[in-house]
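Q: Dropping a structure here in structure tokens format, bear with me for questions.
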Amino acid sequence: MSKELLAVKNLKQYFPIKGGILGRTVNVVKAVDDISFSVHEGETVSIVGESGCGKSTTGRAILRLDEPTAGEILFEGTDLLSLNKAQMTRRRKDLQMIFQDPYASLNPRKTALQVLEEAMDIQNVVPKKDRRGRAIELLETVGLAAYQAYRYPHEFSGGQRQRIGIARALSVNPKLIISDEAVSALDVSIQAQVLNLMKSLQKEFKLTYLFISHDLGVVRHISDRIIVMYLGTIVEIADKHSLFRRPQHPYTRALLSAIPTLDPERKKERIILKGDVPSPINPPSGCRFHTRCIYATDRCRSETPMLREVVERGGHQAACHYIEEISVGTLEKV
Ligand code: SF4
């Protein structure tokens with residue numbers, strides 16, 4: 001396996017809720033609660049889950065856009081949380097983010113060319129005299145024409161704006177790109193074009209992706225490995241084929257059962273989750289999924305399941321007390 005590029009260890013991201021006249025902390029939102037995973041060079045690792053599961057918070061915490069509460073974020077062996085502000089700004093050259101809404105992340109008063117030149121200027125990655133040429137080259141690499149370099153964000157379509165966002169990320173020669181719902185707002189046909197572009201750029205620029213999405217169809221297209229999150233914790237990690245062929249955690253099984261399929265047999269197996277995702281302010285005790293799980297027992301309500309290897313094939317992990325019983329059908333549904 002290739003070299004480990006990123007290792008997230010015991011990451012916690014809590015947000016205080018202030019209240020009262022004195023503005024004291026009255027409660028805490030546990031958006032991400034003690035997660036660990038790694039990403040290897042050249043890999044695409046996706047994080048999936050419903051809204052509020054902590055996937056975007058994880059991406060922002062890695063880049064320290066929000067300061068994590070606890071944990072380690074090792075990038076090429078250096079803990080990013082140990083860096084001061086100036087050191088972190090320099091290091092961000094290696095870790096870039098592509099956002100869901102490129103319109104909001106692009107300055108409306110700057111042309112596509114200026115957006116890219118500014119990014120290169122901040123990180124000082126290309127000699128000043130070469131920046132214009134490099135910017136135009138990058139716009140062409142992501143499928144835009146040189147003459148479009150002088151246009152403003154509102155003159156582009158959503159898909160084209162996302163291409164500018166990708167070109168901006170590439171302009172500083174990053175090693176890791178964190179893509180936060182980057183194609184969610186696009187039409188399906190445009191989504192496919194942008195995903196294919198990202199895949200070809202990965203080869204060309206030797207990129208590593210951390211791909212955050214709520215859409216399992218999209219994740220299936222692009223990932224090598226998939227992390228499933230639920231209410232701030234990781235419930236399953238596996239390579240793409242193992243996860244789609246043999247999902248182990250009841251939550252992952254429910255998510256996969258909701259993907260539309262032409263197979264009439266699979267349609268019958270759809271698992272409908274009970275209720276909504278509980279609040280991350282007071283998450284359920286024991287297994288956080290127990291309030292919606294069709295297999296929950298008293299043990300699930302009191303004992304937190306650890307992430308453990310569950311399939312003989314290497315690396316497929318899930319956090320559930322009863323994986324084996326569920327697989328062979330000996331655990332009763334409630
Ligand atoms: Fe369901 Fe219990 Fe497994 Fe949690 S530990 S997923 S509640 S069976």
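Q: State all residues of the range 287-322 that are touching a residue at least 60 places away in the same chain (Cβ under 8 Å) and touching a Pro at 6+ places or on another chain (Cβ under 9 Å); if no residue qualifies, say none.
A: Hits for the range 287-322 are 318, 319, 320.
Q: Scan the range 304-322 residue by residue and report those that are at pLDDT 95 or above and more than 17 Å from residue 35 (Cα to Cα).
A: Answer for the range 304-322, where residues must be at pLDDT 95 or above and more than 17 Å from residue 35 (Cα to Cα): 321, 322.
Q: Follow-up question, since we're still on this one. Answer yes or no: is there a residue in the range 264-286 that is outside any loop (DSSP other than H, G, I, E, B), more than 11 Å from the ligand (Cβ to nearest atom) and touching a residue at least 60 places away in the same chain (Cβ under 8 Å).
A: No - not one qualifying residue is present in the range 264-286.
Q: Separate question: Taking only the range 22-35 into account, find how many residues are of a type outside the set (Asp, Glu) and buried (at least 16 other Cβ atoms within 10 Å of the Cβ).
A: So the answer is 5.
Q: Just one of the numbered conditions (1) assigned to a loop (DSSP other than H, G, I, E, B); (2) within 14 Å of the ligand (Cβ to nearest atom); (3) surrounded by fewer than 18 Cβ atoms within 10 Å (Cβ to Cβ) is not true of residue 289; which one?
A: Status for residue 289: all satisfied but (3).
Q: Does residue 38 fit the bill of being small (Gly, Ala, Ser) and surrounded by fewer than 22 Cβ atoms within 10 Å (Cβ to Cβ)?
A: yes
Q: Across the range 204-217, what is the number of residues that are in a helix (DSSP H, G or I) and of a type in the set (A, V, I, L, M, F, W, C)?
A: 2
Q: Does the range 297-317 include one or more residues that are surrounded by 13 or more Cβ atoms within 10 Å (Cβ to Cβ), β-branched (Val, Ile, Thr) and under 19 Å from residue 232 (Cβ atoms)?
A: Within the range 297-317, one or more residues are surrounded by 13 or more Cβ atoms within 10 Å (Cβ to Cβ), β-branched (Val, Ile, Thr) and under 19 Å from residue 232 (Cβ atoms).
Q: Another question, then. If you scan the range 297-334, which residues turn out to be of a type in the set (A, V, I, L, M, F, W, C), farther than 20 Å from residue 53 by Cα and near the ligand (Cβ under 9 Å from one of its atoms)? So that I can check it myself, show each step before the final result.
A: The first filter runs over the range 297-334 and keeps only residues of a type in the set (A, V, I, L, M, F, W, C), leaving 300, 306-307, 310-311, 318-320, 323, 326, 328, 331, 334.
Then keep just the ones that are farther than 20 Å from residue 53 by Cα; that gives 310-311, 323, 326, 328, 331, 334.
Of everything in the range 297-334, those that are of a type in the set (A, V, I, L, M, F, W, C), farther than 20 Å from residue 53 by Cα and near the ligand (Cβ under 9 Å from one of its atoms) turn out to be 323, 326, 331.
Q: From the list 102, 68, exactly one residue is within 26 Å of residue 233 (Cα to Cα), touching a residue at least 12 places away in the same chain (Cβ under 8 Å), crowded, with 19+ Cβ neighbours inside 10 Å and not hydrophobic (A, V, I, L, M, F, W, C). Which is it?
A: Answer to the selection: 68.
Q: Give me the pairs, please: first residue somewhere in the range 217-236 and at positive phi and touching a residue at least 24 places away in the same chain (Cβ under 8 Å), second residue anywhere and assigned to a strand (DSSP E or B) and of a type in the set (Gly, Ala, Ser), beta-carbon distance under 8 Å, and either six or more positions apart or on two chains.
A: Note: pairs meeting the criteria are 232/31.
Q: Output yes when any residue across the range 150-159 is surrounded by fewer than 20 Cβ atoms within 10 Å (Cβ to Cβ), closer than 30 Å to residue 8 by Cα and within 26 Å of the chain's Cα centre (by Cα), and no when none is.
A: no
Q: Given the conditions (1) within 13 Å of the chain's Cα centre (by Cα); (2) without any contact (Cβ under 8 Å) to a residue 60 or more places away in the chain; (3) assigned to a strand (DSSP E or B), and given that residue 26 satisfies all but one, which numbered condition is not satisfied?
A: Against the list (1) within 13 Å of the chain's Cα centre (by Cα); (2) without any contact (Cβ under 8 Å) to a residue 60 or more places away in the chain; (3) assigned to a strand (DSSP E or B), residue 26 comes up short only on (1).
Q: Out of the residues in the range 47-65 that are among the small types (Gly, Ala, Ser) and part of a loop (DSSP other than H, G, I, E, B), which is surrounded by the most Cβ atoms within 10 Å (Cβ to Cβ)?
A: Across the range 47-65, the extreme among qualifying residues is 49.
Q: Moving on to the next point. Any idea which of (1) closer than 26 Å to residue 283 by Cα; (2) surrounded by 15 or more Cβ atoms within 10 Å (Cβ to Cβ); (3) in contact with a Gly (Cβ under 8 Å, 6 or more places away or on another chain); (4) not charged (D, E, K, R) is the one residue 81 doesn't satisfy?
A: (1)
Q: When you go through 114, 123 one by one, which is the residue that is surrounded by fewer than 19 Cβ atoms within 10 Å (Cβ to Cβ), free of Cβ contacts under 8 Å to residues at least 40 places away in the same chain, among the polar types (S, T, N, Q) and closer than 30 Å to residue 147 by Cα?
A: 114
Q: Out of everything in the range 124-171 that is out of contact with any Leu (no Cβ under 7 Å at 6 or more places or on another chain), aliphatic (A, V, I, L, M) and not in a helix (DSSP H, G or I), what residue ends up being nearest to residue 197 (Cα to Cα)?
A: The residue in question is 144.
Q: A follow-up question, please. Quick one: which of 201, 197, 256 is under 20 Å from the mean Cα position of the chain (by Cα), in a helix (DSSP H, G or I) and within 16 Å of the ligand (Cβ to nearest atom)?
A: 256 is the lone residue from the list that is under 20 Å from the mean Cα position of the chain (by Cα), in a helix (DSSP H, G or I) and within 16 Å of the ligand (Cβ to nearest atom).
The values are calculated or read from the model by the stated rules, or taken from the named source; none is laboratory data. Since the structure is predicted, the reported quantities are computational estimates derived from the model, not experimental observations. Because the Cβ atoms are built from the backbone with ideal geometry, glycine has one as well, and the counts that use them run over all protein chains shown.
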